[in-house]
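**Student:** Just passing along the structure, written as structure tokens.
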Amino acid sequence: MNMLHDDVIERQRRYDGLSFAMIDMRMNPRLVHWVALVVFEVSASQPSFAADFTADQVRQLLSGPASSGLVDLRNRDLSDLDLSNIDFKRADLSGANLFASRLVSSNLAGAKLRRANLNGSWVMGTDFSGADLSGSSMLGLVIQGGPVKEKPKLSRANLSGVRMIAELPGADLAGADLSAANLSVDMRNQGMGQMRTDLSGANLAGADLHDANLSRSLMMFANLRGADLTNANLYRVKLSGADLTDANVKGADFAEADLDGTILKNVRGMEQAKGLDKATNRDRAVY
């Protein structure tokens, strides 16, 4: 489980209001794909590498009787801690700094994580079902490596206004609230290109994606049945094979989106959608 920490040298640099974790991959070239996912915004809590508690202290705080109520971890620095296999259902982690923390197989179902910094955290098998992650930052999530292969669970999670760059193919986000979420970071001015979120094959049935920035995301074969995509930015989104049956796309921008094999049956708001004339493979969509 220490593969990344053993092989990766992190150096913080800041350019034009942005902070990057510069990654030296010379020890493990197999991890090069992770480089493009590690981008941290200064607006989120920055890692201090001086956590307020040790991992054992966090476990002790959460081991008390349920009658004692929520454990207050608001705005605490829990960065770079191994918090794997911990049940956080009694914790309030609003505004907490969980930068680069290991949350592998931890239970955060229904947890309060508003405005939390989860940049670079390890979330293999982590249960975020029904968690309130509104306004949080989830850039550069580590979702592979080590013995745990399970994707994080995000069904019914509140991800409104979240900033996320991650590879989550096949993830379950059914019923999640991603309204006004930003899943695209443009770093071309810094010579790093466009960062993408991969939601290929993900379950987003019934998800709230209104006003979300999904530009350039990979959503091939994603289940978007009944999703709310009103006013969503779908510029250059790869939607080939995706199922948008019964989705609402009023005001959504499809400019240069790939609609090869996209299922658009009973889609609402098509007349008010924008950029469809500029979408690619529109003639290959299924109506």
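Taken together, the values in this text are just the output of simple stated rules run on the coordinates, not laboratory data. All figures in this text were calculated on a predicted structure; none of them were measured in a lab. No Cβ is skipped: glycine too gets one built from the backbone with ideal geometry, and neighbour counts run over all protein chains shown.
**Student:** Under 9 Å from the Cβ of N233, count the other residues' Cβ atoms, weight Lys and Arg +1, Asp and Glu -1, and hand me the total.
**Tutor:** Around N233, the charge tally is -2.
**Student:** Apply the Debye scattering formula to region 51-182, with a single equal point scatterer on each alpha-carbon and no solvent, then give log10 I(q)/I(0) at q = 0.09, 0.10, 0.13, 0.16 Å⁻¹.
**Tutor:** Those come out to -0.22, -0.27, -0.46, -0.71, one per q.
**Student:** Same structure again: If the cut-off is 16 Å between C-alpha atoms, which lysines fall inside it for K112, apart from same-chain ones fewer than 8 positions away?
**Tutor:** K89, K153
**Student:** Tally Lys and Arg at +1 and Asp and Glu at -1 over the other residues with C-beta under 12 Å from the C-beta of L178: what net charge comes out?
**Tutor:** Local charge sum for L178: -2.
**Student:** When a/c is below 1.5 the answer is rounded, else prolate if a/b is larger than b/c, else oblate, so apply that to region 63-112 with a ≥ b ≥ c taken from the square roots of the Cα gyration tensor eigenvalues.
**Tutor:** In terms of gyration-tensor shape, oblate.
**Student:** Please report, for the Cα atoms of region 104-165, the Rg to one decimal and the Dmax as a whole number; what are they, in angstrom?
**Tutor:** Values for region 104-165 (Cα only, Rg and Dmax): 10.7, 32 Å.
**Student:** Another question, if that's okay. List the lysines whose Cα lies under 23 Å from the Cα of K250, skipping any in the same chain that are fewer than 8 positions away.
**Tutor:** Correct list for K250: K238, K265, K274, K278.
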